[in-house]
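The values are calculated or read from the model by the stated rules, or taken from the named source; none is laboratory data. As the structure is a computational prediction, the values presented were derived from the model and not from experiment. Note that we place each Cβ from the backbone using ideal geometry, even for glycine, and neighbour counts take in every protein chain shown. The protein model used for the area step is the full one, side chains on, heavy atoms only, and it has no ligands, DNA or RNA in it. Shrake-Rupley method; radii C 1.70, N 1.55, O 1.52, S 1.80 Å.
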Amino acid sequence: MCSSAFAAVGLEGSPGVFPMSGPRYQPLDSFVEYPRDEMVRRARSFRREIAGRRTVRDFSDRPVPPEVIRECLRAAGTAPNGANHQPWHFAVVSDPEIKARIRVAAEIEEREFYRGGAPQEWLDALAALGTDEHKPFLETAPCLIAIFAERYQLFGDGRRVKNYYVQESVGIATGMLITGLHHAGLATLTHTPSPMGFLNEILGRPANERPFLILVVGYPAEDARVPRITKKPLEKIASFL
Ligand code: IYR
């Protein structure tokens with residue numbers, strides 16, 4: 001039997017890995033259809049809600065409800081992805097000592113970036129955002145979610161199974177996570193110190209996982225301010241053929 005062979009090598013139950021077995025189907029019972037007007041209303045209402053999302057850099061230290069984080073991670077885990085391998089890992093950090101270590105390591109990389117590592121063209125592009133090498137939010141915010149992209153699956157017996165469309169999959173899951181957190185009433189910041197190899201070491205993640213980004217999560221500080229920016233209108237971002 002296939003399943004016992006899988007059990008022997010630790011593959012049993014591995015999502016997406018069913019060698020030598022065909023597809024197994026079930027009825028699509030979760031799709032909900034709405035009347036046209038209601039669809040438009042829902043789409044508009046969602047657009048308004050998500051348009052209110054802003055990337056926040058000034059965080060309060062107020063703790064966030066752990067169950068909100070857990071539910072949003074469950075939502076992110078439903079993202080479409082390559083071959084259903086679900087090639088992601090979310091390391092949720094609330095321990096102040098670990099956050100402090102992440103801040104120290106990130107600021108070392110960021111100092112390098114802002115003081116000459118980055119091309120001038122890139123620094124010019126960031127000028128309007130007012131970002132710099134100081135990342136106090138990595139300690140102030142109550143929750144950091146370090147998101148890892150699993151480049152390949154590594155099994156107990158050392159065997160590797162390739163993952164597919166890893167960046168796309170993790171990007172989609174991250175978008176869903178950000179959306180869920182905003183919907184729940186929390187602010188986020190996508191933070192990408194580069195390189196981020198220090199995250200594997202600090203968080204004890206294996207070499208088959210590559211850091212994707214740090215999602216900083218919490219409530220905005222009371223006096224939080226955000227850059228005055230605009231989003232491109234529909235005509236600039238879409239074409240209808
Ligand atoms: N990682 C740096 C630089 C940075 C890069 C981009 I592209 C941004 O949109 C914002 C920042 C930092 O976090 O400051």
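Among the residues of segment 139-161, how many are of a type in the set (A, V, I, L, M, F, W, C), open to solvent by less than 80 Å² (accessible area, probe 1.4 Å) and at pLDDT below 95? Summing the residues that are of a type in the set (A, V, I, L, M, F, W, C), open to solvent by less than 80 Å² (accessible area, probe 1.4 Å) and at pLDDT below 95 in segment 139-161 gives 1. Note on segment 50-70: residues that are open to solvent by 70 Å² or more (accessible area, probe 1.4 Å), in a loop (DSSP other than H, G, I, E, B) and within 19 Å of residue 99 (Cβ to Cβ) amount to 4.
Each residue in segment 117-126 was checked for being more than 11 Å from the ligand (Cβ to nearest atom) and not charged (D, E, K, R), and 2 of them qualify. Quick check on residue 106: is it near the ligand (Cβ under 10 Å from one of its atoms), under 22 Å from residue 55 (Cα atoms), among the small types (Gly, Ala, Ser) and at pLDDT below 95? Against the criterion (near the ligand (Cβ under 10 Å from one of its atoms), under 22 Å from residue 55 (Cα atoms), among the small types (Gly, Ala, Ser) and at pLDDT below 95), residue 106 does not qualify.
Counting only helices (runs of 4 or more DSSP H) wholly contained in segment 83-171, the ones carrying 2 or more residues that are under 19 Å from the mean Cα position of the chain (by Cα) and on the phi < 0 side of the Ramachandran plot occupy 96-112, 137-140. Which condition from (1) assigned to a loop (DSSP other than H, G, I, E, B); (2) of a type outside the set (Lys, Arg); (3) closer than 13 Å to residue 56 by Cβ is the one that residue 190 breaks? Answer for residue 190: the failing condition is (1).
Just one of the listed residues (40, 64, 56) is β-branched (Val, Ile, Thr) and without any contact (Cβ under 8 Å) to a residue 60 or more places away in the chain, namely 40. Residue 168 - would you say it is in contact (Cβ under 8 Å) with a residue 60 or more places away in the chain, open to solvent by 20 Å² or more (accessible area, probe 1.4 Å) and over 27 Å from residue 54 (Cα atoms)? When the stated conditions are applied, residue 168 does not pass them. Scanning segment 185-206 for residues that are farther than 22 Å from residue 221 by Cβ and polar (S, T, N, Q), we see that the one that is nearest to the ligand (Cβ to nearest atom) is 194. For segment 173-184, state whether one or more residues are modelled with pLDDT of 95 or more, buried (at least 18 other Cβ atoms within 10 Å of the Cβ) and within 16 Å of the ligand (Cβ to nearest atom). Scanning segment 173-184 turns up at least one residue that is modelled with pLDDT of 95 or more, buried (at least 18 other Cβ atoms within 10 Å of the Cβ) and within 16 Å of the ligand (Cβ to nearest atom).
When residue 214 is tested against (1) modelled with pLDDT under 95; (2) surrounded by 14 or more Cβ atoms within 10 Å (Cβ to Cβ), exactly one condition is not met: (1).
Cβ separations smaller than 6 Å between residues 6+ apart or across chains give the following pairs from segment 98-117 residues that are farther than 22 Å from residue 130 by Cβ to residues that are open to solvent by 50 Å² or more (accessible area, probe 1.4 Å) and not small (Gly, Ala, Ser): 99/139; 100/139. Checking the stated criteria, residue 90 turns out to be under 30 Å from residue 70 (Cβ atoms) and aromatic (Phe, Trp, Tyr).
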